[in-house]
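Below: the structure, in structure tokens.
The values are calculated or read from the model by the stated rules, or taken from the named source; none is laboratory data. Because the structure is predicted, anything quoted here is derived from the model rather than measured. Ideal geometry is used to build each Cβ from the backbone, glycine not excepted, and the neighbour counts take in all protein chains shown.
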Amino acid sequence: MKHGARNDVTGKVSAILKGDVMSLAKVKVKGTFELSSAMTTESLKSLKLKKGDRVRVIVKAVNVLLVRD
């Protein structure tokens, strides 16, 4: 699938937290990094995701904020 996002990594689903309306899928990527994706539970079911599946994580942020300590 073609897309315009520049951040595209692969990883393995490490956890899935299902809710009635919204769900959270956590994906372990290179090293010790873990990314999370919030989606509707309907989308989660449609993707048939389960723990251990390999997936592509595509990130396209609208806003990126920097905070200086």
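A few comments on the model shown:
- For D69, the conditions (1) at pLDDT 90 or above; (2) charged (D, E, K, R); (3) part of a loop (DSSP other than H, G, I, E, B) all hold with the exception of (1).
- Those residues of the range 5-23 which are surrounded by fewer than 14 Cβ atoms within 10 Å (Cβ to Cβ) and aliphatic (A, V, I, L, M), in sequence order: A5, A15, L17, V21
- Count of residues meeting criterion [in contact with a Leu (Cβ under 9 Å, 6 or more places away or on another chain) and loosely packed, with under 13 Cβ neighbours inside 10 Å] in the range 24-61: 3
- Residues of the range 30-64 satisfying the condition of being assigned to a loop (DSSP other than H, G, I, E, B), touching a residue at least 12 places away in the same chain (Cβ under 8 Å) and over 17 Å from N7 (Cα atoms): L49, K50, K51, G52, D53
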